[in-house]
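The values are calculated or read from the model by the stated rules, or taken from the named source; none is laboratory data. Quantities reported herein were computed from a predicted structural model and do not represent experimental measurements. Neighbour counts are summed over all protein chains in view; Cβ atoms, including those assigned to glycine, are modelled from backbone coordinates with ideal geometry.
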Amino acid sequence: MVEADVSVGGNLSAVRARIVAAGGKDTVLIAVSKAQPDIRVDEALAAGQRVFGENYVQQAKARWPSRRAHWPDVEVHLIGSLQTNKAEEAVALFDVIQTVDRERLAVALSKAERKLGLKRRYLVEVNTGEEPQKGGIAPMEAVAFAERVQNAHGLDVVGFMAIPPAEELVAPHFALLVKLADEAGVPWRSMGMSADFEDAVKLGATHVRVGTGIFGARAPRSDAMG
Ligand SMILES: *Cc1c(COP(=O)(O)O)cnc(C)c1O
């Protein structure tokens with residue numbers, strides 16, 4: 001399938017303009033490049049985009065080390081769920097890991113930081129819809145968990161992130177995430193995707209994660225890259 005008509009630069013300008021119009025002139029746009037061809041990522045870099053989100057460790061590993069050599073100011077966030085046995089690879093690859101949601105993972109990340117001599121920034125993922133199949137910590141546990149990750153495990157927790165349930169109104173979920181982040185005293189709120197980033201901005205997102213709205217449709221996942 002050839003989609004030569006995707007204008008990544010044009011889409012980026014349009015999304016940025018919509019974020020500003022929604023009141024988010026300081027909101028960080030994370031371009032979600034999972035399952036996108038490299039050529040579209042390079043177009044985004046050429047258009048000045050520097051913050052990217054990836055879901056899979058292996059895709060990020062193939063894509064980013066070589067590009068960082070050319071664009072040293074690139075910042076790559078892991079926004080997909082992370083297996084404990086990949087914690088070390090993740091700490092080596094990502095500037096920010098947005099999906100800390102269980103104690104064992106925090107322990108593994110902390111160990112990886114010490115081993116590699118690196119400090120990263122972390123978000124606690126909150127399962128605002130309490131969906132059993134989804135990652136993220138339950139809302140009731142989120143504030144205490146964030147404190148433990150910070151104080152007991154020594155990770156730099158800078159915020160909370162959420163992916164609301166697909167079939168529900170997003171506003172209550174965004175509002176809940178903001179309330180929990182306020183309670184925890186952390187500054188970043190990563191919420192909002194292509195379909196709802198303007199709502200997220202209006203409700204206080206500091207970071208929105210936009211994929212298809214910038215890059216067009218994703219290639220279907222063809223394997224079990226993780
Ligand atoms: C894929 C993904 C996005 C981007 O989704 P779009 O609908 O393509 O904008 C944002 N956040 C997470 C966690 C994702 O997995």
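Within the range 42-62, count every residue that is outside any loop (DSSP other than H, G, I, E, B) and buried (at least 20 other Cβ atoms within 10 Å of the Cβ).
Residues in the range 42-62 being outside any loop (DSSP other than H, G, I, E, B) and buried (at least 20 other Cβ atoms within 10 Å of the Cβ): 7 in total.
Take V201 and decide whether it is farther than 20 Å from K134 by Cβ and crowded, with 20+ Cβ neighbours inside 10 Å.
yes
Which pairs turn up if I take residues in the range 180-204 that are touching a residue at least 24 places away in the same chain (Cβ under 8 Å) and within 15 Å of L123 (Cβ to Cβ) and look for partners that are within 11 Å of the ligand (Cβ to nearest atom) and small (G, A, S) with beta carbon separation below 6 Å, at least 6 apart in sequence or on another chain?
Going by the 6 Å Cβ cut-off, the qualifying pairs are M191/A162; M191/A200; A200/G192.
All but one of (1) surrounded by 23 or more Cβ atoms within 10 Å (Cβ to Cβ); (2) within 30 Å of I39 (Cα to Cα); (3) in contact with a helix residue (DSSP H, G or I) (Cβ under 7 Å, 6 or more places away or on another chain) hold for H207; which doesn't?
Single failed check for H207: (3).
Return the pairs, sorted by first residue and then second, in which the second residue is modelled with pLDDT under 95, the first residue lies in the range 82-108 and is over 25 Å from R189 (Cβ atoms), the beta carbons are less than 9 Å apart, and the residues are 6+ apart or on different chains.
That search, which allows pairs on different chains as well, returns Q83/G226; K86/G226.
Out of all the residues in the range 63-84, which are touching a helix residue (DSSP H, G or I) at 6+ places or on another chain (Cβ under 9 Å) and away from the ligand (no atom under 16 Å from the Cβ)?
W64, P65, R67, H70, W71, V74, T84
What number of residues within the range 170-184 satisfy the criterion of being in contact with a helix residue (DSSP H, G or I) (Cβ under 9 Å, 6 or more places away or on another chain) and either among the hydroxyl-bearing types (S, T, Y) or over 18 Å from D199 (Cβ atoms) (or both)?
Final tally of qualifying residues: 2.
Kindly provide the set of residues from the range 24-40 that are touching a residue at least 12 places away in the same chain (Cβ under 8 Å), among the β-branched types (V, I, T) and more than 14 Å from the ligand (Cβ to nearest atom), ordered by number.
T27
Taking the range 52-76 as the region of interest, how many residues are touching a residue at least 60 places away in the same chain (Cβ under 8 Å) and of a type outside the set (S, T, Y)?
Of the residues in that region, 4 qualify.
Restricting to the range 199-215, what's the tally of residues that are farther than 30 Å from Q150 by Cα and among the acidic types (D, E)?
Here the count works out to 0.
I want to confirm something. Restricting to the range 7-38 and keeping residues that are more than 22 Å from H77 (Cβ to Cβ) and not in a helix (DSSP H, G or I), which single residue is modelled with the lowest pLDDT?
The qualifying residue modelled with the lowest pLDDT is S7.
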